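Following this message is one structure expressed as structure tokens.
The values are calculated or read from the model by the stated rules, or taken from the named source; none is laboratory data. Owing to the predicted nature of the structure, the values given are computational and were not obtained by experimental measurement. All Cβ positions, even for glycine, are placed from backbone atoms using ideal geometry, and neighbour counts span all protein chains on display. In case anyone asks, the SASA skips ligands and DNA or RNA and just uses the protein heavy atoms, side chains included. Shrake-Rupley method; radii C 1.70, N 1.55, O 1.52, S 1.80 Å.
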Amino acid sequence: MKVPGRWLGALALALFLPAAAVAADLKVGLMCPLTGKWASEGQDMKNIVSLLVDETNSKGGINGQKIELVVEDDAGDPRSAALAAQKLASAGVVAVIGTYGSAVTEASQNILDEAGLVQIGTGSTSVRLTEKGLPFFFRTCPRDDAQGKSAAAAIVRGGYKAVALLHDNSSYAKGLAEETRAILDKAGVKVVFYDALTPGERDYTAILTKLKAAGPDLVFFTGYYPETGMLLRQKKEMGWDVPMMGGDAANHQDLVKIAGPEAAAGYFFISPPLPQDMDTPEAANFLDAYKARHKSVPVSVWAVLAGDAYKAVEAALAAGKSEPAQMAAWLKQLKDLPGLSGSLGFDAKGDRVGEFYRTYKVDGKGVFVLQPK
């Protein structure tokens, strides 16, 4: 049988076109700090989301389309985050996951919103991020006012009467300090010190001396784990044994490496549960797969929340919601989706719904031990 030339051309084109041209991949963006002081967080974010994407694709993708992960390094820096957001906005992604750090995330928000892309923050707890009314912004982490309530409750439960509040002027840490101070004032707990340190310095003995002079029975530093570790180490070196607590930005095992196990012992912080303490079937299956691939567990919960963000995007795409407006509307009515850290859902502002905070204490070996409720 003679085949018409135009059919031959079409047949040849079909044979040589890549499969992606027939059923185009769905691109999902990930912003994370692969370099800089939070690089271990970013690497785990990439590892976790990559693992979940591979699992999706091994099952045939979503509605016949494979997922392609597009990763951009924001270096944990607002300026780098703006550039990363611009790259993702022009990469043809259907949604963006990330990032870690409220100020870093904030630098990307308007860029991605103007591009009409759904963004799901992961370790970005500043209240203002969801008070702006941006229609496409969501987050899988709780926000600072929820954390402030949990922190104040832990302080009151502990019977502390004179508290020093120290932050680092970042959006996250200052917001948490302000929220906690307001609640402690109402609870009748005296705040005897309120000030900020400069992150990234190597010597905090001057601020520790000021703290000691205020006579607190508890120091609550609301900043990140690198500075927390330095404070704990130098506090011990100066022979001051006042208890110290932190928020969820301290939830990283490198804190113990920086402080040393002896200086870190007794330190406590509030946080969503660590990966190894998550007790859902989804979490157990995920941890088994992660350990099989990487021979370790994620260093903190924040990277796991990037996995939760992917789960939300995956569910929206499976429901046929690939257009940003459709995806955003669908996510705002989402409730009780099984996630890695627990059930997933969002309110009208894009905030995650549910209670997640628990208290951890560092034991003498530097292990983070979950405390009873």
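Please work out if Ala146 is modelled with pLDDT of 95 or more and surrounded by fewer than 24 Cβ atoms within 10 Å (Cβ to Cβ).
It is false that Ala146 is modelled with pLDDT of 95 or more and surrounded by fewer than 24 Cβ atoms within 10 Å (Cβ to Cβ).
So, one more: Identify all residues within segment 48-96 that are farther than 15 Å from Val28 by Cβ and part of a helix (DSSP H, G or I); write none if there are none.
Ser58, Pro78, Arg79, Ser80, Ala81, Ala82, Leu83, Gln86
From (1) under 28 Å from the mean Cα position of the chain (by Cα); (2) open to solvent by 60 Å² or more (accessible area, probe 1.4 Å); (3) among the charged types (D, E, K, R); (4) under 23 Å from Ala263 (Cα atoms), pick out the condition that doesn't hold for Glu178.
In the conditions (1) under 28 Å from the mean Cα position of the chain (by Cα); (2) open to solvent by 60 Å² or more (accessible area, probe 1.4 Å); (3) among the charged types (D, E, K, R); (4) under 23 Å from Ala263 (Cα atoms), Glu178 misses (4) alone.
What about Ala328, is it in contact (Cβ under 8 Å) with a residue 40 or more places away in the chain, farther than 24 Å from Asp248 by Cβ and open to solvent by 50 Å² or more (accessible area, probe 1.4 Å)?
No.
Then there's this: In segment 337-363, which residues are of a type in the set (Gly, Ala, Ser), open to solvent by 50 Å² or more (accessible area, probe 1.4 Å) and in a loop (DSSP other than H, G, I, E, B)?
The answer is Ala348, Gly354.
Among the residues of segment 133-148, is there at least one that is more than 15 Å from the chain's Cα centre (by Cα), within 14 Å of Phe346 (Cα to Cα) and outside any loop (DSSP other than H, G, I, E, B)?
Within segment 133-148, none of the residues are more than 15 Å from the chain's Cα centre (by Cα), within 14 Å of Phe346 (Cα to Cα) and outside any loop (DSSP other than H, G, I, E, B).
Okay, next question. Scan segment 37-54 for residues that are charged (D, E, K, R) and closer than 15 Å to Leu305 by Cβ and jot them down.
Glu41, Asp44, Lys46 - these are the residues of segment 37-54 that are charged (D, E, K, R) and closer than 15 Å to Leu305 by Cβ.
Quick one: would you say Gly320 is without any contact (Cβ under 8 Å) to a residue 40 or more places away in the chain and surrounded by fewer than 23 Cβ atoms within 10 Å (Cβ to Cβ)? Before the answer, list the steps.
Details: without any contact (Cβ under 8 Å) to a residue 40 or more places away in the chain: no; surrounded by fewer than 23 Cβ atoms within 10 Å (Cβ to Cβ): yes.
No; evaluated as a whole, the condition is false for this residue.
Another question about this same structure. Based on what the data block shows, is Asp195 open to solvent by 30 Å² or more (accessible area, probe 1.4 Å), among the charged types (D, E, K, R), in contact (Cβ under 8 Å) with a residue 24 or more places away in the chain and closer than 30 Å to Pro324 by Cβ? Please lay out each step first, then the result.
Working: open to solvent by 30 Å² or more (accessible area, probe 1.4 Å): yes; among the charged types (D, E, K, R): yes; in contact (Cβ under 8 Å) with a residue 24 or more places away in the chain: yes; closer than 30 Å to Pro324 by Cβ: no.
No: the conditions fail for Asp195.
Then there's this: Inside segment 333-354, can you point out the residues that are of a type in the set (D, E, K, R) and free of Cβ contacts under 8 Å to residues at least 40 places away in the same chain?
Scanning segment 333-354 gives Lys335, Asp336, Asp347.
So that you can scan it fast, the table gives a plain yes or no per residue for (1) under 30 Å from Ala289 (Cα atoms); (2) crowded, with 17+ Cβ neighbours inside 10 Å; (3) under 19 Å from the mean Cα position of the chain (by Cα); (4) not aliphatic (A, V, I, L, M):
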site	(1), (2), (3), (4)
Gly60	yes, no, no, yes
Gly64	yes, no, no, yes
Ile67	yes, yes, no, no
Glu72	yes, yes, yes, yes
Asp77	no, yes, yes, yes
Ala84	yes, yes, yes, no
Ala89	no, yes, no, no
Ile97	yes, yes, yes, no
Leu112	no, yes, yes, no
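Before we move on, is Ile183 open to solvent by 10 Å² or more (accessible area, probe 1.4 Å), among the aliphatic types (A, V, I, L, M) and assigned to a helix (DSSP H, G or I)?
When the stated conditions are applied, Ile183 passes them.
Another one. Which of the residues that make up segment 149-169 are under 26 Å from Ile120 (Cα atoms), outside any helix (DSSP H, G or I) and open to solvent by less than 30 Å² (accessible area, probe 1.4 Å)?
The initial filter retains those residues of segment 149-169 that are under 26 Å from Ile120 (Cα atoms), namely 149-151, 167-169.
Now narrow it down to the ones that are outside any helix (DSSP H, G or I): 167-169.
Residues satisfying the conditions are His167, Asp168.
Show me the helices (runs of 4 or more DSSP H) entirely contained within segment 201-304 in which 1 or more residues are open to solvent by 10 Å² or more (accessible area, probe 1.4 Å) and under 20 Å from Thr359 (Cα atoms). First the steps, then the outcome.
Numbers: elements: 205-214, 225-237, 254-259, 261-264, 281-294.
Counting at least 1 such residues, we get 225-237, 254-259, 261-264.
While we're looking at this one, here's another question. What are the pairs, 6+ residues apart or on separate chains, where a residue within segment 149-178 that is at pLDDT below 95 has its Cβ under 7 Å from a residue that is assigned to a loop (DSSP other than H, G, I, E, B) and acidic (Asp, Glu)?
Once the first residue is at pLDDT below 95 and sits in segment 149-178, no partner that is assigned to a loop (DSSP other than H, G, I, E, B) and acidic (Asp, Glu) comes close enough.
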